[in-house]
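So the structure is just underneath, and the comments pick up after that.
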Amino acid sequence: MDDNVSNIKKIAQLMAELAEQLEICTRCGMCQAFCPLFAQTGFESDVARGKLAMLDGLTHELFKSPEGVYERLNKCLLCGSCEFNCPRGTNVLEIFLKARVILTGFIGLSPVKKTVLRRILARPKTFDRLVKLASKFQNIFTRPASEPVGISCRKFALPLRQERNFVSIAPAPFHHMAPSLRTTSGSSGIKVAFFVGCLIDKIFPDVAKAVLKVLDYHGVGVFMPEGQGCCGIPAVSSGDAVAFNRLIRHNLDIFEAADFDYLVTACATCTFTIKKIWPMMIQMMVRKESANIKSRVRKIAEKTLDINQFLVSKIGLQNGVSGRDAKAVSVTYHDPCHLKKSLGISSEPRALIKANPLYRFTEMPEADVCCGMGGSFNLQYYNISTKIGRQKYNNIKISGCSTVATGCPACMIQISDMISRLGGRIAVKHPVEIYAESLKN
């Protein structure tokens with residue numbers, strides 16, 4: 001038996017563990033109506049039904065090229081639109097992520113990906129040093145681009161990359177402004193751990209500052225440990241169980257150093273990853289070890305809340321009457337996929353926005369349609385990502401807003417890119433920033 005046949009059989013055996021979930025999908029094709037990728041390409045292999053059929057083929061050893069299935073499986077935004085709208089309740093994201101881990105175990109990571117994920121991302125100090133270095137040299141290879149209001153955007157100076165506008169790395173990351181924090185609970189009687197997240201720390205530190213301002217105003221104690229790492233979503237979405245495990249254990253160790261009631265984040269993807277993906281994937285990855293790590297993950301996942309959800313459901317907002325001021329700023333809101341589709345959080349960020357009387361809220365069309373970012377999808381399939389992003393920008397413009405808010409820093413990057421490329425003059429903010437503006441110091 002040659003190595004390829006042997007590997008096919010081994011992959012089929014591992015994939016068999018997903019067989020029961022794969023059988024839930026009846027191939028009805030409902031996912032076609034909601035998949036932002038399929039809307040652009042029209043390829044069956046780009047929609048959930050097609051990918052699930054290919055994975056089922058691997059399970060039954062019908063396909064002899066796991067590399068081809070792997071390539072098509074990775075061409076996905078992981079937005080969850082298919083799962084959110086599936087009439088059968090197929091756990092599409094769980095199947096895709098677990099299948100990526102299985103296939104990566106056999107096919108392996110490219111040398112570049114392995115270096116980035118294991119030697120940089122999974123080592124927070126190294127990652128911080130490299131980003132700090134990049135912030136100093138980013139102006140050498142880039143030039144100023146048209147900027148959304150309040151956000152610095154740049155364009156690559158290299159001819160092959162001139163089409164991409166990107167939000168600049170902040171001059172100073174948030175962890176330099178506030179390396180750590182331990183405050184006791186005040187009037188609320190609640191203490192939270194604050195998970196900052198990579199993009200907020202290094203690109204949008206003002207969001208983190210707004211979170212601390214709001215928590216302090218409401219008398220919430222804060223534990224913010226030094227040396228926080230990435231939540232691990234880039235690693236697990238690449239199928240890298242090694243880097244993902246390292247990051248989970250690193251973050252568990254530093255956050256378990258203090259007692260707290262809730263762990264809050266201002267990043268939709270970090271919230272989803274810690275609350276849903278950590279316990280989902282840890283069951284698969286450490287089955288041969290003690291139950292201790294699973295218990296630790298489950299405990300912190302149960303405490304994890306998005307900042308919008310925490311403020312509305314656990315604290316209560318200081319509300320103003322939105323829209324009465326004739327000079328109020330017109331604002332609309334984009335629903336991050338991981339916040340609405342994966343966690344069911346939609347009304348809470350809108351409540352934060354409406355609590356500020358200096359803003360007038362207007363709903364945009366298709367507010368919960370994916371913006372096209374998709375993490376590494378944006379890097380690998382930028383042209384498709386841009387086409388999806390343009391549709392989002394058009395819907396933002398239809399609302400007539402001068403500010404667009406969203407609860408995900410990755411979405412903020414994508415929307416800023418579209419505004420910059422298309423010459424818009426629209427501010428991009430996080431709901432917690434808008435709410436913080438309404439609170440007296």
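The values are calculated or read from the model by the stated rules, or taken from the named source; none is laboratory data. Computed from a predicted model, the values in this text were never measured in an experiment. In this analysis, Cβ positions are derived from the backbone assuming ideal geometry, glycine residues included, and neighbour counts consider all displayed protein chains.
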Exercise for the section: For the stretch 251-293, name all the residues that are touching a Lys or Arg at 6+ places or on another chain (Cβ under 9 Å), closer than 18 Å to Leu121 by Cα and surrounded by fewer than 24 Cβ atoms within 10 Å (Cβ to Cβ). Expected result: Leu252
Handout entry: Hits in the stretch 384-425 - residues which are at pLDDT 95 or above, outside any helix (DSSP H, G or I), surrounded by fewer than 24 Cβ atoms within 10 Å (Cβ to Cβ) and of a type outside the set (Ser, Thr, Tyr)
Key = Gly400, Cys401
Handout entry: Search result, residues across the stretch 22-46 that are of a type in the set (Gly, Ala, Ser) and either out of contact with any helix residue (DSSP H, G or I) (no Cβ under 8 Å at 6 or more places or on another chain) or in a helix (DSSP H, G or I) (or both)
Key = Ala33, Ala39, Gly42, Ser45
Exercise for the section: Taking Gly219 as the residue in question, decide whether it is in contact with a helix residue (DSSP H, G or I) (Cβ under 8 Å, 6 or more places away or on another chain) and over 29 Å from Gly80 (Cβ atoms). Expected result: no
Handout entry: Among (1) over 27 Å from Gly232 (Cβ atoms); (2) not in a helix (DSSP H, G or I), the one test that Arg49 misses
Key = (2)
Problem - Some residue of the stretch 360-381 being crowded, with 20+ Cβ neighbours inside 10 Å and in a helix (DSSP H, G or I) - result: yes
Practice task
Out of the residues in the stretch 117-138 that are under 18 Å from Ser152 (Cβ atoms) and of a type in the set (Lys, Arg), state the one that is surrounded by the fewest Cβ atoms within 10 Å (Cβ to Cβ).
Solution key: Lys136
Exercise for the section: Kindly indicate whether any position in the stretch 147-161 is out of contact with any strand residue (DSSP E or B) (no Cβ under 9 Å at 6 or more places or on another chain), in a helix (DSSP H, G or I), modelled with pLDDT of 95 or more and not assigned by TED's automatic domain parsing to the domain that holds Gly375. Expected result: no
Problem - Filtered residue count, the stretch 400-434, keeping only those that are closer than 17 Å to Lys387 by Cβ, within 14 Å of the chain's Cα centre (by Cα) and among the polar types (S, T, N, Q) - result: 1
Problem - Within the stretch 75-116, considering residues that are surrounded by fewer than 17 Cβ atoms within 10 Å (Cβ to Cβ) and at positive phi, the one modelled with the lowest pLDDT - result: Gly108
Problem - Cross-chain or 6+ apart pairs with Cβ under 8 Å, the stretch 159-186 first and within 23 Å of Val214 (Cβ to Cβ) and of a type in the set (Phe, Trp, Tyr), then modelled with pLDDT of 95 or more and part of a loop (DSSP other than H, G, I, E, B) - result: Phe174/Val196
Handout entry: Meets criteria (touching a strand residue (DSSP E or B) at 6+ places or on another chain (Cβ under 8 Å) and modelled with pLDDT of 90 or more) for Ala170
Key = no
Fill in the blank from the handout: Reported set for the stretch 220-250 where residues are of a type in the set (Val, Ile, Thr) and either farther than 26 Å from Lys98 by Cβ or buried (at least 20 other Cβ atoms within 10 Å of the Cβ) (or both) is Val220, Val222, Ile233, Val236, Ile248
Completion exercise
For helices (runs of 4 or more DSSP H) lying entirely in the stretch 233-311, having 3 or more residues that are in contact with a strand residue (DSSP E or B) (Cβ under 8 Å, 6 or more places away or on another chain) picks out 268-272
Exercise for the section: Give the residue, chosen from Ile419, Ile434, that is closer than 20 Å to Ile345 by Cα and in contact (Cβ under 8 Å) with a residue 40 or more places away in the chain. Expected result: Ile434
Practice task
Those residues that are more than 20 Å from Lys327 (Cβ to Cβ), in contact with a Pro (Cβ under 8 Å, 6 or more places away or on another chain) and assigned to a loop (DSSP other than H, G, I, E, B), I need them from the stretch 426-441; list them, please.
Solution key: His430
